[in-house]
1. Largest first and in whole Å, give the semi-axes of region 10-102's equivalent ellipsoid, each being the square root of 5 times a Cα gyration tensor eigenvalue.
2. Apply the membrane-span-like helix rule to the chain: whole DSSP H runs, Cα extent along the own long axis of at least 27 Å, mean Kyte-Doolittle hydropathy at least -1.0. List the helices found.
3. Out of the GluC sites (Glu not before Pro) in region 202-306, which ones are loop residues according to DSSP with at most 14 other C-beta atoms within 10 Å?
4. In which sequence would 261, 186, 58 go, from the one with the fewest C-beta neighbours within 10 Å to the one with the most?
5. Residue by residue through region 89-104, which ³J(HN,Hα) values in whole Hz follow from phi under the Karplus form 6.51 cos²θ - 1.76 cosθ + 1.60 (θ = phi - 60°), with glycine and proline marked x?
6. What is the packing order of peptides 220-228, 103-111, 187-195, taking the mean over residues of other C-beta atoms within 10 Å and listing the highest first?
7. With 10 angstrom as the radius, rank 130, 78 by how many other C-beta atoms surround their C-beta, starting from the fewest.
8. Rank-order 20-28, 162-170 by packing density, defined as the average count of other C-beta atoms within 10 Å over each peptide's residues, highest first.
Amino acid sequence: MNTPSVRPRWEGLPEEVRATVQARLGSPVVEVSYPEGGFTPGLAVRLTCADRSEVFLKAADLALPMASHYRAEAVVGEHLPSVIAPELWWSLESHGWIVNAFEAVLGGEPDLRPGSADLPGVLNVVGSLERELTPCPAPVGEAGGTLSLLAGHWERLAAAPAGPDAWSTARRAWLTEMDDRDLLVKAAAGDTLVHCDLRADNMLVESERVRVLDWSWAARGAAWVDAAFFVPQLILAGHSPAVAEAELGARIPAWRVADPKAVSMFAVAITGYWSWHQVHGPGGGLGAYRGRAAEAGRRWIDYRLG
């Protein structure tokens, strides 16, 4: 499990914000519980009210840069079918905070390891995204904008004082050729709402039903993009790159017909991003995750290199 960020507590919210939330809920809060995991320093809490109704609440101080992600998640949440994601009940801003209220889903993070009982349901819901979210139902930006943030890091690693490591030095010509921001952005164009951050800790399994959480990075793009984001997660869980690609190809038509060069460019870009931020980004749980993800990405690159 990934090491979580330190999150605020319900009782740490300004009193005025808590009063506004409880007025909107229509019943006083009597119980609170907190989910495990997560990398962002915003509030995430399950509230039980006196009338026994429950809600899952996410909140952030509007002074923090991450508040824009909570606003984006609220916009996208209005357009997501409940078969895909927990229902967004409402969103409000009060006394310098943004608060998003979602259907409270009982469940836990799925196990992606080979042979897991959770795996078929996870793969099926990932496979359903193209069908359920095309054409793109939400007013969002282009996926190319997100993918452009991933590209260009191999050059930065090569220019850093420590220089490139042995693995990237041996593959430098291919990495340089494939780390093409403009071509990657063009290949990512499409009309599907793509999540752009599919991981096990952004999913919940409830009675064998799997739903996808945390849509703050969602964008309009090609349906193969979400499959590409998920391949390294399957590798991290113990699948070979070949099996990971085959499992997704069996369920996602867009993945089967995706341009192989575009997929390789994605693998190079995201692995470079993880490799750079593993060294130059924050440490802690996020840094450790990026280190593991970079290793998974390098295995994927070697598979695609043949």
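Throughout, read-outs are computed from the coordinates displayed, never taken from laboratory work. If you're wondering where the values come from, they're calculated on a predicted model, not measured in any experiment. In this analysis, Cβ positions are derived from the backbone assuming ideal geometry, glycine residues included, and neighbour counts consider all displayed protein chains.
1. Working from the Cα gyration tensor, I get semi-axes of 19, 17, 13 Å.
2. On the way: long enough: 260-280 (30 Å, 0.29); 284-305 (32 Å, -0.71).
Answer set is 260-280, 284-305.
3. Values: sites: 206, 208, 245, 247, 295; in loops: 208.
Loop-located and lightly packed - 208.
4. Values: 261 15, 186 11, 58 24.
Fewest to most other Cβ atoms nearby, the residues stand as 186, 261, 58.
5. Rounded to whole hertz, the list is 8, 6, 9, 8, 10, 8, 6, x, 10, 9, 10, 10, 10, 10, 3, 7.
6. Details: 220-228: 26.1, 103-111: 15.6, 187-195: 22.9.
Ranking the peptides 220-228, 103-111, 187-195 by packing returns 220-228, 187-195, 103-111.
7. Values: 130 22, 78 13.
Ascending number of Cβ neighbours within 10 Å: 78, 130.
8. Details: 20-28: 15.0, 162-170: 12.1.
Going from most to least packed, we get 20-28, 162-170.
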